[in-house]
Ligand SMILES: [Zn+2]
Ligand SMILES: [Zn+2]
């Protein structure tokens, strides 16, 4: 697979008609954003929500979170909030798909990378399993670790707008040298804090956690189905069938 160009997201965001994008790229779009499948998903579900370039916003303002936070604060807030609303819709669609495919849903994280690897602002919507053959190295993993600090949860970024001006100034600087070292931190399971010597060991742990979850949920669903069946059987074996009882009630 060819390596996508660093500016491909911008070409998508500039499209007047996003529905012209191939269905292998585009997941959904609104007046203000488009959501694409991450070309290298780091979890079972992984999408990018991009703001469309709508004046007065310019492509260069929307180049990254850092560039956006340099524009007038309330305008920047508006763009981040709108993007967040669209991401919430995407979260809802992903949850529906989770239930349809797996019979249960699990956590979804919505946030930005503090130091992005591609141009044009994009909000990651990623399922918390982190089970994917595309997750290949420490940098990949640490960039989504929800407590490490490199991954900036949308709600945290939104809170910066309400903080005092000096804090906003500090956070919105998004200094590379402050965040990039986090990617080199040692590997720790985000959920149980267990340390791992290398990526294969961590990936085995993530896979086992996921398999265990699927197994537990399957048992839970089977139990539920059995209970429903028992109730139905109890009903059928009662002296009066359900429809008869309903009829009686109707005529009374
Ligand atoms: Zn990214
Ligand atoms: Zn763990």
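Things to note:
- Taken over region 91-120, the criterion of being closer than 17 Å to residue 28 by Cα and touching a helix residue (DSSP H, G or I) at 6+ places or on another chain (Cβ under 6 Å) is satisfied by 110 alone.
- Output for region 86-119, where each listed residue is closer than 18 Å to residue 10 by Cβ, touching a strand residue (DSSP E or B) at 6+ places or on another chain (Cβ under 6 Å) and not in a strand (DSSP E or B): 86
- Taking each residue of region 105-132 that is touching a residue at least 40 places away in the same chain (Cβ under 8 Å) and under 12 Å from residue 95 (Cα atoms) and looking for partners that are part of a loop (DSSP other than H, G, I, E, B) and within 9 Å of ligand 1 (Cβ to nearest atom) with beta-carbon atoms closer than 8 Å, six or more apart or interchain, yields 126/38.
- Yes/no for residue 150 being under 21 Å from the mean Cα position of the chain (by Cα) and away from ligand 2 (no atom under 16 Å from the Cβ): yes
- A search for C-beta distances below 8 Å between a residue of region 180-205 that is without any contact (Cβ under 8 Å) to a residue 12 or more places away in the chain and within 20 Å of residue 134 (Cβ to Cβ) and any residue that is part of a helix (DSSP H, G or I) and more than 7 Å from ligand 2 (Cβ to nearest atom), counting only pairs 6+ apart in sequence or on different chains, returns 196/202.
- Odd one out for residue 131 among (1) in contact with a strand residue (DSSP E or B) (Cβ under 8 Å, 6 or more places away or on another chain); (2) within 16 Å of ligand 2 (Cβ to nearest atom): (1)
- Qualifying residues in region 184-198 (those that are farther than 22 Å from residue 107 by Cα and either surrounded by fewer than 17 Cβ atoms within 10 Å (Cβ to Cβ) or away from ligand 2 (no atom under 14 Å from the Cβ) (or both)) - the one farthest from the chain's Cα centre (by Cα): 197
- Any chance residue 186 is away from ligand 1 (no atom under 15 Å from the Cβ) and either in contact with a strand residue (DSSP E or B) (Cβ under 9 Å, 6 or more places away or on another chain) or on the phi > 0 side of the Ramachandran plot (or both): yes
- Looking at 60, 33, 67, just one residue is modelled with pLDDT of 95 or more, surrounded by fewer than 16 Cβ atoms within 10 Å (Cβ to Cβ) and away from ligand 1 (no atom under 13 Å from the Cβ), and that residue is 60.
- Scope region 44-85; condition assigned to a loop (DSSP other than H, G, I, E, B), under 19 Å from residue 168 (Cβ atoms) and in contact (Cβ under 8 Å) with a residue 24 or more places away in the chain; matching residues: 64, 69, 70
- Output for region 120-141, where each listed residue is part of a strand (DSSP E or B) and either more than 27 Å from residue 102 (Cβ to Cβ) or within 11 Å of ligand 1 (Cβ to nearest atom) (or both): 123, 124, 126
The values are calculated or read from the model by the stated rules, or taken from the named source; none is laboratory data. The structure presented is a predicted model; accordingly, all values stated were derived computationally and were not measured. Backbone-built Cβ (ideal geometry, glycine too); neighbour counts: all protein chains shown.
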